[in-house]
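All remarks here apply to the structure that follows.
The values are calculated or read from the model by the stated rules, or taken from the named source; none is laboratory data. All of these numbers come straight from a predicted model, not from anything done at the bench. Cβ coordinates were reconstructed from backbone atoms using ideal geometry, including for glycine residues, and neighbour counts include every protein chain displayed. We work out accessible area using only protein heavy atoms, side chains counted, and drop any ligands, DNA or RNA first. Shrake-Rupley method; radii C 1.70, N 1.55, O 1.52, S 1.80 Å.
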Amino acid sequence: MERCLDKPGILLKSLGDQLTAAQAPFARDDNEWPKEKGTDLLSVVKEVKPHVLIGTSTKPKAFTENIIREMAKHVEHPIVFPLSNPTRLHEASPEDINHWTEGRALMATGSPFPPVERNGVEYEVGE
């Protein structure tokens, strides 16, 4: 079952008026996600073990080291797309994602970034 998160965390119907018209269709019933599990991104990653993170929140550095490393524990090649732009609003830098996943992540961004280096080899970052 899919889970959708945004700046307030996992989208639950109890957020009511805090949900935008675009978020409301993706909000889940609260009984599908008990609050004791936590509604922040790290809690959801620990519980759901996603293969893909797509960043469109414009929340700078939302994909933290703890979140990316947790995801990489459960996925051989995590897919991480920090798509927010301009660059100052990106959820994580390709350099950090590359480092935190030991070079195993597939990455693409919504803004230009310099190539990342792993074991002496430079890799272009898709935009």
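Using a Gaussian network model of the chain with C-alpha springs under 10 Å, which one of S84, S57, S14 is most mobile by mean-square fluctuation?
Checking each option, the largest mean-square fluctuation is seen for S14.
Per residue of segment 47-52, in order, report the coupling 6.51 cos²θ - 1.76 cosθ + 1.60 (Karplus, θ = phi - 60°) as ³J(HN,Hα) in whole Hz, putting x for Gly and Pro.
7, 8, 6, x, 9, 9
Given the rule -39500 (n - 2.57) for each run of at least 4 DSSP H residues, summed and divided by the residues of the chain, what is its mean residue ellipticity at 222 nm, to the nearest 500 deg cm²/dmol?
-5500 deg cm²/dmol
Kindly state, to the nearest 0.05, the FRET efficiency for K49 paired with K7, given R0 = 35 Å and r defined as their beta-carbon distance.
It comes to 0.95.
For R88, R104, what's the largest-to-smallest order of accessible area, 1.4 Å probe?
Greatest to least solvent exposure: R88, R104.
Mind sorting out which of (1) 24, 18, 11; (2) 28, 18, 15; (3) 28, 17, 10 is the real semi-axes √(5λ) of the Cα gyration tensor in Å computed from the coordinates?
Derived directly from the coordinates: (3).
What number, in percent, do you get for the relative contact order of segment 1-110 if the mean sequence gap of Cα pairs under 8 Å and at least 6 apart is divided by its residue count?
It rounds to 22 percent for segment 1-110.
Which percentage, to the nearest 5, of the DSSP beta bridges contained in the chain is antiparallel?
40 percent
So what's the projected area for segment 58-127, the Cα convex hull averaged over all directions, in nm²?
4.1 nm²
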